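Data block below; observations after.
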């Protein structure tokens, strides 16, 4: 019998693969710049979700959930407490990377929207094929 957490993880990974395929299709095969920007945003969100899943730490038991990576009483710590902390603490690096990637992704998206707006002002269209034809 498959467990609920394995089932949900399978659904998440499957949807991430589908989002990745959708984003790559939109970036490479759609000629409209707005659709390319939306597909690039989907790709970035999928990468962020993947980084969050990499940092996920499964609960050891239902009574001992994952903890933040903070040691409260480190003056009286012993080897057993340290091993327990390492086994249950969540990895903060993927969380920090995702937070940074969200901010960078927002800046890049705003830049691309501004660039598309300027292209529309110059050429009157956002279709890549039409822009290539007009540019010569």
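Kindly establish whether residue 42 is surrounded by 12 or more Cβ atoms within 10 Å (Cβ to Cβ), outside any loop (DSSP other than H, G, I, E, B) and modelled with pLDDT under 90. In short, no. Of the residues in region 116-133, at least one is surrounded by 13 or more Cβ atoms within 10 Å (Cβ to Cβ), within 25 Å of the chain's Cα centre (by Cα), more than 21 Å from residue 16 (Cβ to Cβ) and at pLDDT 90 or above.
Pairing each residue of region 73-96 that is within 24 Å of residue 48 (Cα to Cα) with any residue that is assigned to a helix (DSSP H, G or I), provided the two are 6+ apart or on different chains, yields C-beta distances under 9 Å for 91/54; 94/51; 94/52; 94/53; 94/54; 95/51; 95/52. Among the conditions (1) modelled with pLDDT of 90 or more; (2) loosely packed, with under 12 Cβ neighbours inside 10 Å, residue 37 misses just one, which is (2). If you go through region 71-106 and pick out every residue that is touching a helix residue (DSSP H, G or I) at 6+ places or on another chain (Cβ under 7 Å) and assigned to a helix (DSSP H, G or I), you end up with 6. Selection over region 109-136 of residues that are within 21 Å of residue 43 (Cα to Cα) and free of Cβ contacts under 8 Å to residues at least 60 places away in the same chain gives a count of 4.
The values are calculated or read from the model by the stated rules, or taken from the named source; none is laboratory data. Since the structure is predicted, the reported quantities are computational estimates derived from the model, not experimental observations. Counting neighbours? That spans all protein chains shown, and the Cβs are built from the backbone with ideal geometry, glycine included.
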